[in-house]
1. Which of the helices (runs of 4 or more DSSP H) found entirely inside the range 70-180 contain at least 3 residues meeting this: loosely packed, with under 15 Cβ neighbours inside 10 Å?
2. Of the conditions (1) touching a strand residue (DSSP E or B) at 6+ places or on another chain (Cβ under 7 Å); (2) in a strand (DSSP E or B); (3) away from ligand 2 (no atom under 16 Å from the Cβ), residue 12 fails just one. Which one is it?
3. May I ask you to say which residue of 190, 212, 185 is closer than 30 Å to residue 78 by Cα and buried (at least 16 other Cβ atoms within 10 Å of the Cβ)?
4. So which of 42, 58 is surrounded by 13 or more Cβ atoms within 10 Å (Cβ to Cβ), within 18 Å of the chain's Cα centre (by Cα), within 16 Å of ligand 1 (Cβ to nearest atom) and modelled with pLDDT of 95 or more?
5. Any idea which of (1) free of Cβ contacts under 8 Å to residues at least 40 places away in the same chain; (2) within 19 Å of residue 238 (Cβ to Cβ); (3) among the polar types (S, T, N, Q) is the one residue 176 doesn't satisfy?
6. Determine the pairs where a residue that is surrounded by 15 or more Cβ atoms within 10 Å (Cβ to Cβ), located within the range 1-22, has a partner that is among the aromatic types (Phe, Trp, Tyr) with Cβ atoms under 8 Å apart, the partner being 6 or more residues away or on another chain.
7. List, please: which pairs have Cβ atoms under 6 Å, are six or more places apart or on different chains, and start with a residue in the range 185-200 that is under 14 Å from residue 153 (Cβ atoms) and end with one that is in a strand (DSSP E or B) and away from ligand 2 (no atom under 16 Å from the Cβ)?
8. Being under 18 Å from the mean Cα position of the chain (by Cα), away from ligand 2 (no atom under 16 Å from the Cβ) and closer than 22 Å to residue 201 by Cβ is the requirement here; does residue 25 meet it?
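The values are calculated or read from the model by the stated rules, or taken from the named source; none is laboratory data. All of these numbers come straight from a predicted model, not from anything done at the bench. Because the Cβ atoms are built from the backbone with ideal geometry, glycine has one as well, and the counts that use them run over all protein chains shown.
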Amino acid sequence: MQAIIEVRDLKTVFDTNVVHNGLNLTINEGEIYGLLGPSGCGKSTLLREMVMLQKFEGGDIKIFGKSLKRMSHKESQALCRRWGVLFQAGALFTSLNLYDNIALPLKEYTDLSENMIQDIVKFKLDIVGLKQDDAFLYPSQISGGMKKKASLARALSMDPKLLFLDEPTSGLDPISAREFDRLILKLRSLLGLSIVMVSHDLRSIYDTLDRLAVIDNKKIVYEGTLDMIHQEKSEFIQTFFKAAHE
Ligand code: ADP
Ligand code: MG
């Protein structure tokens, strides 16, 4: 198995607030890997560090075998195009319709013709389960579930092999949430994606994750499959997974 992300001895500090200290994890190519832990334990911060939106204090993060420390601006720009990101605050531009939202990265980072871009946007709408006519709608005109799909289509616009999702099913009704889970599984096999996902949606965790890491008290208290997790002594794990075994 090939590692796609390696986090070693990571330390993260905001002023006097030590968020991660000695945090280690390994994410393999092709897996759907979950990040869990109590609120404020640093899950979103870790994702932001992985996608270079946030600096870390110590240790290292390697993605596609490349260390995020000591990287030129050019290298980091090239690397950023190899992953897609769907963060909590959906991040669709409200002044743009779905077509322009999805086309935006292609216009910004490529020299593709408008015709090519049109074909790519059509394909992305299709793979996330949106209709071609939806392209003309604005974010304010669509449901939460559709917004997630459209954000996902945009995250996939540059054909990334790696996808980061921060609590993708939060705020969705149960039916849309399960639909989103199925979509993630479908896209993983269709596009050969590796996916890193922060979640506290128990159903989503059991239905989609291959492996997971639990962060508590600044480091990883569990890394592995879900099979053994309820044997763990960590208080967070005991409480969180209790519902799944009742
Ligand atoms: P989680 O996603 O696990 O709920 P976060 O990663 O959002 O947690 O936050 C982890 C900790 O880092 C919290 O204590 C939060 O207040 C702090 N934090 C996050 N981002 C910043 C920032 N930009 N500046 C200062 N503190 C921050
Ligand atoms: Mg968070």
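1. 73-80, 98-109, 114-127
2. Residue 12 satisfies every listed condition except (3).
3. 212
4. The unique qualifying residue is 42.
5. The number of the failed condition is (2).
6. Cβ pairs passing all conditions: 4/64; 10/56; 11/56; 12/56; 20/56.
7. 193/163
8. yes
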